[in-house]
Amino acid sequence: MNLLPTSAEVAPDPWIRRPQPGPSWIRTFFGGLVLWVATVVVTFVTQNKNLVPTIILVGSFLVPVTFVTFAFRRADAVVTAQRVFSAFVYGGVLGVLGASLLESTLLTHVSGWTYLVIGMIEEGVKLAALWLIARRLPFYTARDGMVLGAAVGFGFAAFESAGYAFNALFTSSGLSLLNLVETEALRAVLAPVGHGLWTALLGGALFATASRSRSGRPRLRPPVVGWYVVVVLLHALWDASQVVAVWLTLFLTGTQAQWASITQLGELPGVTQAQVHLFTVVSWTLLALDGLIGLALLLLRSLSLRR
């Protein structure tokens, strides 16, 4: 008599770790890009304003969804598509709402610490949203934390980009489709090294604490606080890049009159074309440096997980 269970009787082990099946991120990106470009062209040709929401939604969500699709295929089986979708939507919306409420309450005036406070608030609410969404996982790994963190961060970026694109549509001379398209294109280029990257680093650190916890649950331990400080600094430098670029441009090329005016009146008169070009170069260099630092940290973190 055979006492061994058949394959049909063996329950699936939820602790088995295996790569996730899922759609190709390449097809997701290029399919969405074709749809967005087609919508933009048709809108410019027909001037049909009913298509504007489609431009905003597809343009704002295309790159974030592509990177979440890429990350999902590298997660363990416990990170289901439904959980990733929840992290993207609920985490993104909760992050945007929480950041908006806290920033309107705490930032009553602009100061030199504003960008640092904004970074602390936004990274804090995204970390809280990730913690809330992942509270019932059966087990935790740093890799899954990075995937779910990226989902929360890219969700935040998608909803935030939609808001920026909507605001760019309205100008003093009426609706500007060109402003809308330029804003979406620029934010799409910058999206991979922004919110999704920062929250992925935080998520990996948070989930890694579960293995050191008696309860097997993530805890707010010193490594998480350390990574939180790192991503807040990256976030603050990113937001302050234009202000820093202005001061660096003035330091290198500013005249006495310009220094006096910006110090006393907050205005910068007599800006030359050379200063405009230098400001653009410095601003983009700071963004590129910030993004490269974040990517290097993510790469080092990923390599350490394979050892």
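Assuming R0 = 41 Å, what is the FRET efficiency of S24 and S215, from their Cβ-Cβ distance, to the nearest 0.05?
For S24 and S215, the calculated efficiency is 0.60.
If R0 is 45 Å, what FRET efficiency do you get for L106 and V34 from their C-beta distance, rounded to 0.05?
Details: r = 43 Å, r/R0 = 0.95.
According to the calculation, E is roughly 0.60.
Given 37 °C and 0.692 mPa s, compute D for the range 72-212 with the Stokes-Einstein relation, Rh being the Kirkwood radius over Cα pairs; round to the nearest whole µm²/s. Don't skip to the answer; put the middle values down first.
Working: Rh = 16.0 Å.
Taking Rh from Cα pairs, D becomes 205 µm²/s.
How far is the Cα center of the range 49-104 from the Cα center of the range 122-149, in Å?
Cα centroid to Cα centroid, the span is 14 Å.
H277: accessible area at probe 1.4 Å, nearest 10 Å²?
110 Å²
Viscosity 0.890 mPa s, temperature 25 °C: what is the translational diffusion coefficient of the range 55-138 from Stokes-Einstein with a Kirkwood Rh over Cα pairs, rounded to a whole number of µm²/s?
Details: Rh = 14.6 Å.
Stokes-Einstein gives a translational diffusion coefficient of 168 µm²/s.
The values are calculated or read from the model by the stated rules, or taken from the named source; none is laboratory data. Quick caveat, the model's predicted, so the values are computed rather than measured. Please note: Cβ atoms are built from the backbone with ideal geometry, for glycine as well, and neighbour counts cover all protein chains shown. Accessible surface is based on the protein model in full, side chains and every heavy atom, while ligands, DNA and RNA are left aside. Shrake-Rupley method; radii C 1.70, N 1.55, O 1.52, S 1.80 Å.
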